[in-house]
Amino acid sequence: MSKQKKPESTFPNMVIALLLVTMIAGLALGGVYVVTKEPIAAAKRAKLENALGKVLPEFDTLKNKKVPAVNGNDSLAFYTGYRNGSEVGTAVKTYTEKGYDGRFDIMVGFTPDNRIENTAVLNHTETPGLGDKIEKSKSDWSKQFNGKNPEQFQLKVKKDGGDVDAITAATISSRAFCDATKRAYETYEKEGGVK
Amino acid sequence: MNQWQNFTKGFIKDNPVFVLMLGLCPVLGVTTSAINGLGMGLATTFVLLMSNTVVTLIKSLIPVKVRIPSFIVIIASFVTIVELVMQAFLPTLFEQLGLFIPLIVVNCLVLGRAEAFASKNDFISSVIDGLGMGLGFTFALTLLGAVREILGSGAIFGWEFVTGDGMLVFVLAPGAFIGLGYLIAIMNKFNKAS
């Protein structure tokens with residue numbers, strides 16, 4: 001291929017070149033954004049619905065609201081599920097900032113008789129092989145919360161005087177999980193969840 | 001150098017990770033499992049291939065003094081495209097790699113190939129170079145990911161053959177350095193012999 005002469009690096013040439021490059025890039029990105037917008041929203045919805053399906057008993061309608069957390073500066077999302085008009089449970093999307101690598105979000109489902117139905121981890125950056133055992137796909141650890149009433153079941157690891165068995169070598173992640181669950185329960189209680 | 005050599009140099013002779021040692025941040029960060037390494041490698045391959053292609057096409061239109069900003073805009077655009085597409089169609093993989101995808105922009109391998117190869121060579125060579133280097137990068141990431149997953153979690157591509165914990169240090173950050181160090185040593189031995 002013959003060597004083509006490049007445009008001189010004069011001011012107008014540089015401005016025109018950069019303008020063209022950024023304009024074409026901007027148009028291309030706009031196009032991709034429009035195409036992927038709907039699938040991205042659908043994927044996020046599917047993830048939320050999947051988590052709700054796990055932590056709540058079967059439901060047909062859903063009401064949601066946002067409630068400020070009792071101890072913490074973010075708000076928690078409440079999803080109350082109904083079947084044939086009667087309440088089957090409330091899922092609370094809660095968080096902790098005490099994870100080994102910072103914040104993570106979990107979903108905790110409460111039944112109207114004040115028990116934890118189930119929990120689901122929404123996102124986390126805990127250490128693979130250690131802290132990631134908070135996920136159900138990695139270990140059965142978080143199943144110990146199921147069916148427990150937080151009034152009797154202290155949401156603290158045994159080392160801190162609670163009732164939760166910590167994950168071996170991942171006490172910090174276990175503590176963080178308890179912290180998130182506790183935040184969900186206290187906020188739920190304050191909102192009149194206990195009848 | 002014929003095109004076949006141009007393509008295969010990325011695997012052994014000029015492997016971006018084991019020999020050129022470019023773009024080590026994602027190499028060390030994401031390779032906790034083979035599938036993560038493969039996903040990250042393929043994402044980088046796509047960006048590398050596309051940026052090499054575009055850079056070689058427009059190299060005669062860009063004034064020399066603004067070539068680096070132009071390359072960065074091109075690379076960043078393709079990275080954003082990968083990010084959006086992955087988020088839309090591969091949400092589970094995106095959750096694992098999400099943090100590292102935007103970092104492909106500053107991966108010196110991509111800019112390095114654009115500047116050192118694509119802006120100086122013809123179209124066919126640049127495309128082949130991008131593909132070869134990208135697949136070499138993918139090969140290295142998958143290999144390191146597989147080693148760490150086998151030793152650290154007793155599994156390969158998510159299929160567990162040893163139940164319970166492995167040598168956890170290999171899943172953690174130090175394991176990335178140890179694993180990479182040994183792989184580089186083995187690669188060097190192999191390169192010297194041939």
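The values are calculated or read from the model by the stated rules, or taken from the named source; none is laboratory data. Since the structure is predicted, the reported quantities are computational estimates derived from the model, not experimental observations. Glycine also receives a Cβ, built like all others from the backbone with ideal geometry; neighbour counts cover every protein chain displayed. These accessible areas exclude ligands, DNA and RNA; they are computed on the full protein's heavy atoms, side chains included. Shrake-Rupley method; radii C 1.70, N 1.55, O 1.52, S 1.80 Å.
General observations
- Taking every residue in segment A:33-48 that is more than 8 Å from chain B (Cβ to nearest Cβ) and pairing it with any residue that is of a type outside the set (A, V, I, L, M, F, W, C) and not in a helix (DSSP H, G or I), at least 6 positions away or on another chain, the pairs with Cβ-Cβ distances below 9 Å are A:Leu48/A:Tyr79; A:Leu48/A:Lys93.
- Screening B:Glu149, B:Glu160 for residues that are acidic (Asp, Glu), open to solvent by 70 Å² or more (accessible area, probe 1.4 Å) and farther than 17 Å from B:Asn15 by Cβ leaves exactly one candidate, B:Glu160.
- Residue match in segment A:63-73 (condition: more than 14 Å from every other protein chain (Cβ to nearest Cβ) and at positive phi): yes
- Residues of segment B:28-61 classified as open to solvent by 10 Å² or more (accessible area, probe 1.4 Å) and not in a helix (DSSP H, G or I), total: 5
- Hits in segment B:75-101 (condition: of a type in the set (A, V, I, L, M, F, W, C), open to solvent by 40 Å² or more (accessible area, probe 1.4 Å) and within 7 Å of chain A (Cβ to nearest Cβ)): B:Val85, B:Phe89
- Unique match (being in contact with a Pro (Cβ under 9 Å, 6 or more places away or on another chain) and either among the charged types (D, E, K, R) or under 28 Å from A:Ser137 (Cβ atoms) (or both)) among B:Leu172, B:Leu143: B:Leu172
- Odd one out for B:Ile68 among (1) touching a residue at least 24 places away in the same chain (Cβ under 8 Å); (2) at the interface with chain A (Cβ under 7 Å from one of its Cβ atoms); (3) among the aliphatic types (A, V, I, L, M): (2)
- The residues listed here are A:Glu97, A:Glu117, A:Glu87; of these, the one that is farther than 27 Å from B:Pro174 by Cα, touching a Gly at 6+ places or on another chain (Cβ under 9 Å) and surrounded by fewer than 16 Cβ atoms within 10 Å (Cβ to Cβ) is A:Glu87.
- Segment B:132-145 residues that are within 12 Å of B:Asp14 (Cβ to Cβ), paired with ones that are among the polar types (S, T, N, Q) and in a helix (DSSP H, G or I) (beta carbon under 7 Å, 6 or more apart): B:Gly132/B:Asn6; B:Gly132/B:Thr8; B:Phe137/B:Thr44; B:Phe137/B:Thr45
- Close Cβ contacts (under 6 Å, 6 or more residues apart or on different chains) running from residues in segment A:150-163 that are modelled with pLDDT of 85 or more to residues that are among the small types (Gly, Ala, Ser) and in a loop (DSSP other than H, G, I, E, B) comprise A:Val157/A:Ala166.
- Reported count of residues in segment A:11-27, each being open to solvent by less than 50 Å² (accessible area, probe 1.4 Å) and either within 7 Å of chain B (Cβ to nearest Cβ) or of a type in the set (Phe, Trp, Tyr) (or both), is 4.
- Residue among A:Lys138, A:Lys148 that is away from chain B (no Cβ under 14 Å), part of a loop (DSSP other than H, G, I, E, B), buried (at least 16 other Cβ atoms within 10 Å of the Cβ) and among the basic types (Lys, Arg): A:Lys148
- For segment B:86-103, residues that are under 18 Å from the mean Cα position of the chain (by Cα) and part of a helix (DSSP H, G or I) total 7.
- Criterion violated by A:Thr171 - all others in (1) within 22 Å of A:Lys65 (Cβ to Cβ); (2) of a type in the set (S, T, N, Q); (3) open to solvent by 10 Å² or more (accessible area, probe 1.4 Å) satisfied: (1)
- Residues of segment A:37-60 that turn out to be open to solvent by less than 60 Å² (accessible area, probe 1.4 Å) and among the charged types (D, E, K, R), as a count: 0
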